C-alpha cells in the first residue's frame, strides 16, 4: 500500500491502540507526523488515549497544545479522551479545565471527571457532579457512586463517607437496591457493621448480594453468631434463596462458632441444592471442618476435591499440625511435594510446628534445608518456626545459631528465642536477650513479658520479676491475668505467700479462681502445708 490515505492511517493507529499494542501505535503515529499528515479530531482522540496507555505525560501536553493551536473544536469525542488522559496522569485540575472547555458533555464525560475527583480524594466535588448529572437528566449516577463509596474504605475515610451518606439521603431520598448495596458494602469494609445493618434494613427488597455482603461484614467483624443468625433469617423468609457465595459466608461464620452442628446443617443444604461441587463452597467446607478439628470430615472433603490448590493443601497440613496429628501433617506435606506445586511460608511453618510437636529434629533439619533452598529461611514467620522447632527438639544451640544468622528480627522472633532459653533453664541468657531486644528498638509485647516473668519464676528472681512486672505499663500494655499468674507463681515458689495473696486480692479481675489455683500449686511445690 504505497499511497496510504488519512483514513487508513487512522484505522491502523486506532486498531493498534485498542488491541494494546501501544508501542507500535506510537511508532506509527511518529511515521504519520513525519509524512506530513495533519491531525483531525479522530486522530487527536486516538493519540490522547495512547498517551493514557503509555503514561506519556510530555507527549500528551504537546498534543493538547497542538489541539489548541489547530482551532479544532473540543467536542465530546476529543474532550472525553483528553479528560481521561489527564485523569490517568493524576492531573485532576487539568482534567477539570478540559471538562469546562468541552462543548458537548455526555454521561461518559461526567463519569470520567467524577473518577478523577475520586482518585484525587475530592469526594465532595465528585458527589456534587453526580447531583448535577441527575439534574441534567443523565442516568449514570449508579455507575459512578458505588466506585466513589468503595474508595472511602480503601482510604480509611469513615467520617467523609458518613457525610456523603447524609447528602445522599437529603438529596436523593429513599435509596434503591444498587445504592443500598454500595453503602452497605462501604460500611462493612470499614467494620462499621451496625451502620451497614441500618442500611440493609432500609433496603425495601434486599437481594442475595445484600444478604451475603452483610454476612461477610459480620464475619470480618468476628460477630459470627449474628452472621449465622442472618443466614437462618434468610432461609426462613424463603426469598431470595442463598447462592454459593451466601453459603460460603455462612460457613465462614461457622469458623467462629463453638460447635460444628450449624456447619453440618449447611453442608447438608449444599448437597441438597447441588452447590457442593462449587470450588468456593468445597474450600469453605474444608476450612470449617478443619477449624473445628473434625479431621476425618476435613480429610474426606479434601480427598473428594475436584481441584486441590495450594490453599487446600496448606489448610490440611496446618490443621493436622494444630490438632495434634503431626505425623499426618508431615505425610500430607510429602504427598504435596511429589507434585509440581510451590511451597509457601504457611506450609513450611506448619510442617516445622509438626516437627516441634513430634520432637523430630531430623525431619526438622530436612525441612529447614528446604527452607534454605527456596529462600524461605529469610521469611520472619518461617524463621520463628525454625527457632521454635530447634528449641522444642532440644537443640538450643541450633536455635541460637539460626537466630544470630537471621537478617532481621521482630518481637515474635525475640520472644521465641527468650522462651527457648527459659524452657532450657538458661534464664540469664533469656534476661540478657530481653535487654538486647529493648536496646535494638524492638518493643516487647504482652507475650514477651509472660515469657520473661516465667524465666524469673524458674530461678526465683523476685527483684527482677517485680521490676519487669511493674514495667509492663511503661510500654503501653495492660497487665493481663497471665502476667499476674506468673508473678503469683514466682512469689509462691520462693515462699512469699502473703505478698502473693496481696497481689491476688489487688488484681483488677472479677474472677480470680485461676490465680488462687496458681498459688495453691506453688504452695504444694514449696511444701507450704499451712497455706496450701
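The values are calculated or read from the model by the stated rules, or taken from the named source; none is laboratory data. None of the values given here were measured: they were computed from a predicted structure. Neighbour counts are summed over all protein chains in view; Cβ atoms, including those assigned to glycine, are modelled from backbone coordinates with ideal geometry.
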Against the condition surrounded by fewer than 21 Cβ atoms within 10 Å (Cβ to Cβ) and in contact (Cβ under 8 Å) with a residue 12 or more places away in the chain, how does residue 245 come out, does it pass?
yes
Residues that are within 38 Å of the chain's Cα centre (by Cα), at least 2 per element: which helices (runs of 4 or more DSSP H) completely within segment 406-521 meet that?
411-423, 427-439, 446-459, 462-471, 481-493
Helices (runs of 4 or more DSSP H) lying entirely in segment 166-238 (those with 3 or more residues that are at pLDDT below 90 and farther than 27 Å from residue 265 by Cβ)
177-189
Based on this model, can you work out whether residue 436 counts as more than 21 Å from residue 490 (Cβ to Cβ), at pLDDT below 95 and surrounded by fewer than 22 Cβ atoms within 10 Å (Cβ to Cβ)?
no
Residue within segment 277-294 that is over 23 Å from the mean Cα position of the chain (by Cα), modelled with pLDDT under 90, outside any helix (DSSP H, G or I) and under 30 Å from residue 345 (Cα atoms) present
yes
Mind telling me which of the residues 111, 65, 98 ends up being at pLDDT below 90, part of a helix (DSSP H, G or I) and buried (at least 19 other Cβ atoms within 10 Å of the Cβ)?
111
Kindly indicate which of 369, 327 is outside any loop (DSSP other than H, G, I, E, B) and either under 19 Å from residue 400 (Cβ atoms) or in contact with a strand residue (DSSP E or B) (Cβ under 9 Å, 6 or more places away or on another chain) (or both).
369
So, in segment 295-317, how many residues would count as being surrounded by fewer than 14 Cβ atoms within 10 Å (Cβ to Cβ) and part of a helix (DSSP H, G or I)?
4
Can you pull out every residue in segment 323-338 that is touching a helix residue (DSSP H, G or I) at 6+ places or on another chain (Cβ under 9 Å) and either surrounded by fewer than 17 Cβ atoms within 10 Å (Cβ to Cβ) or in contact (Cβ under 8 Å) with a residue 40 or more places away in the chain (or both)?
324, 327, 331, 335, 337
How many residues, within segment 125-165, are part of a helix (DSSP H, G or I), more than 31 Å from the chain's Cα centre (by Cα), over 12 Å from residue 114 (Cα atoms) and modelled with pLDDT under 75?
1
Just the residues that are part of a helix (DSSP H, G or I) and over 20 Å from residue 327 (Cβ atoms), please, taken from segment 387-402.
387, 391, 396, 397, 398, 399, 400, 401, 402
